[in-house]
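Before any comments, here is the structure.
The values are calculated or read from the model by the stated rules, or taken from the named source; none is laboratory data. Remember, predicted model here, so these are calculated numbers, not experimental data. Cβ placement follows ideal geometry from the backbone for every residue including glycine, while neighbour counts extend to all protein chains displayed. Remember, those area values only see protein heavy atoms, side chains included, never the ligands or the DNA or RNA. Shrake-Rupley method; radii C 1.70, N 1.55, O 1.52, S 1.80 Å.
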Amino acid sequence: MEETKNNRKDKRGEISPKKIAGIAVRVVIIILSLIMILWYIDSSFIAFGNVVGISFFIIVIAACLGWDFIAAFIRRLSKTKGGRAVVIAFGVLGGLFAAYVCIAIGLMNYGASREPEPGATVVVLGCQVRGDVPSLTLKLRMDAAFDYLSAHPDAKAVLSGGQGDGENMSEAQCMYEYLTEKGISGDRLFIEDKSTTTNENIKFSKVIIEENGLSPDLAIVTDWYHEYRASIIARRAGCKSGAVSAPTANFLTAHLVTREIFALGNEVLFKR
């Protein structure tokens, strides 16, 4: 009898393999979440993408740490009809959002892989200039434009980007000076220096293209993640487009891709 009691006690003190697996999964999720948070922090500034990303992964870590409490709460909630409806609704919404994120990232990669038509007009989308110095993102775009224009000596380019706060010149002018200094003839370059958004980049560039009899097919130079949304805007403007994708600095990728996930949804749902 005493031995049976001891066996029962030992069994009660054991942790089941299922529970061990659950703990291991949560530990892995926490480690990956911490890595993602450090990636967002690495950009060294506060912006929409960083705030959303860091907040999300903090919530994930908190959920992992408090999973036993959350699971017990869900079980209690599911005992009522209304509670089950709430649990199902949250599960469906979470699943739909996860699916959208996966689809959006897939579309970004697809947009970056689309080749421009032969003879397309290059449209380089601007980015921040700090005083007279191009930001790293703009420099990477200009380098991508230089490589494409060098490989296609008959191609013409519209350099698109206005002048914002803290910029001593327009983004278009900065691109013009950079490309001509590297050997691209100024006769091949057209400046569009009024735009402040991607929609304006395409809209105002199209006017220049039509005024100068350039090809309406576009080779859009921008970051890889931005290519698909730019192609949507180009299509709405009546232009076919392909991608000349610039690389994105690794320390900015998490922030910029997170921001683009929401920007892409906004473009599709709320802009026409």
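For A249, indicate whether it is within 22 Å of L136 (Cβ to Cβ), open to solvent by less than 10 Å² (accessible area, probe 1.4 Å) and in contact (Cβ under 8 Å) with a residue 40 or more places away in the chain.
Values: within 22 Å of L136 (Cβ to Cβ): yes; open to solvent by less than 10 Å² (accessible area, probe 1.4 Å): no; in contact (Cβ under 8 Å) with a residue 40 or more places away in the chain: yes.
No; evaluated as a whole, the condition is false for this residue.
Name the pairs: first residue in the stretch 71-92 and among the basic types (K, R), second residue modelled with pLDDT under 95 and not in a helix (DSSP H, G or I), Cβ to Cβ under 8 Å, at least 6 apart or on different chains?
R84/S78
Within the stretch 84-96, work out how many residues are open to solvent by less than 60 Å² (accessible area, probe 1.4 Å), of a type in the set (A, V, I, L, M) and either within 29 Å of the chain's Cα centre (by Cα) or closer than 21 Å to I20 by Cα (or both).
Matching residues across the stretch 84-96 total 1.
Just a yes or no: is a residue in the stretch 48-64 in contact (Cβ under 8 Å) with a residue 24 or more places away in the chain, closer than 22 Å to W224 by Cβ and of a type in the set (A, V, I, L, M, F, W, C)?
yes
Among A144, A99, which is among the aliphatic types (A, V, I, L, M), closer than 30 Å to V60 by Cα, part of a helix (DSSP H, G or I) and open to solvent by less than 60 Å² (accessible area, probe 1.4 Å)?
Working: A144 fails: closer than 30 Å to V60 by Cα.
Criteria check complete, one pass: A99.
Which one of the conditions (1) touching a residue at least 40 places away in the same chain (Cβ under 8 Å); (2) within 30 Å of I103 (Cα to Cα); (3) of a type outside the set (G, A, S) does I208 fail to meet, given that it meets all the rest?
So the condition that I208 fails would be (2).
Are there any strands (runs of 3 or more DSSP E) wholly within the stretch 178-252 with 1 or more residues that are under 20 Å from the mean Cα position of the chain (by Cα) and not basic (K, R), and if so which? Step through it out loud before you land on a result.
Numbers: elements: 189-192, 218-223, 241-246.
Because the criterion is at least 1 residues that are under 20 Å from the mean Cα position of the chain (by Cα) and not basic (K, R), the strands (runs of 3 or more DSSP E) in the stretch 178-252 that meet it are 218-223, 241-246.
Mind listing whichever residues of the stretch 178-196 are surrounded by 14 or more Cβ atoms within 10 Å (Cβ to Cβ) and either small (G, A, S) or within 11 Å of P134 (Cα to Cα) (or both)?
The answer is Y178, S195.
Is there any pair linking a residue in the stretch 19-44 that is more than 16 Å from A63 (Cα to Cα) and in contact (Cβ under 8 Å) with a residue 40 or more places away in the chain to one that is surrounded by fewer than 17 Cβ atoms within 10 Å (Cβ to Cβ) and of a type in the set (S, T, N, Q), with Cβ under 9 Å and at least six apart or on different chains, and which?
Every condition considered, the pairs that remain are W39/N250; D42/N250.
Can you find a residue that is in contact with a His (Cβ under 9 Å, 6 or more places away or on another chain) and in contact (Cβ under 8 Å) with a residue 60 or more places away in the chain anywhere in the stretch 221-237?
Quick first cut of the stretch 221-237, residues in contact with a His (Cβ under 9 Å, 6 or more places away or on another chain) only: none.
Taking every residue of the stretch 221-237 in turn, none turns out to be in contact with a His (Cβ under 9 Å, 6 or more places away or on another chain) and in contact (Cβ under 8 Å) with a residue 60 or more places away in the chain.
Results for (1) surrounded by fewer than 16 Cβ atoms within 10 Å (Cβ to Cβ); (2) within 18 Å of the chain's Cα centre (by Cα); (3) farther than 30 Å from R84 by Cβ, shown as yes or no for each residue.
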site: V28; (1), (2), (3): yes, no, no
site: L34; (1), (2), (3): yes, no, yes
site: D42; (1), (2), (3): yes, yes, yes
site: I58; (1), (2), (3): yes, no, no
site: C64; (1), (2), (3): no, no, no
site: A71; (1), (2), (3): yes, no, no
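Go over the candidates K139, K81 one by one and state the one that is open to solvent by 70 Å² or more (accessible area, probe 1.4 Å) and either among the small types (G, A, S) or within 25 Å of I261 (Cα to Cα) (or both).
Numbers: K81 fails: either among the small types (G, A, S) or within 25 Å of I261 (Cα to Cα) (or both).
Only one candidate passes the filter, namely K139.
For the condition under 21 Å from E115 (Cβ atoms) and among the charged types (D, E, K, R), what is the one hit in R259, R229? If you could, list the steps in order and put the result at the bottom.
On the way: R259 fails: under 21 Å from E115 (Cβ atoms).
One residue alone meets the criteria, R229.
Looking at K156, is it free of Cβ contacts under 8 Å to residues at least 60 places away in the same chain, open to solvent by 20 Å² or more (accessible area, probe 1.4 Å) and touching a strand residue (DSSP E or B) at 6+ places or on another chain (Cβ under 8 Å)? Walk me through how you get there before you give the answer.
Numbers: free of Cβ contacts under 8 Å to residues at least 60 places away in the same chain: yes; open to solvent by 20 Å² or more (accessible area, probe 1.4 Å): yes; touching a strand residue (DSSP E or B) at 6+ places or on another chain (Cβ under 8 Å): yes.
Here the answer is yes, as K156 does meet what is asked.
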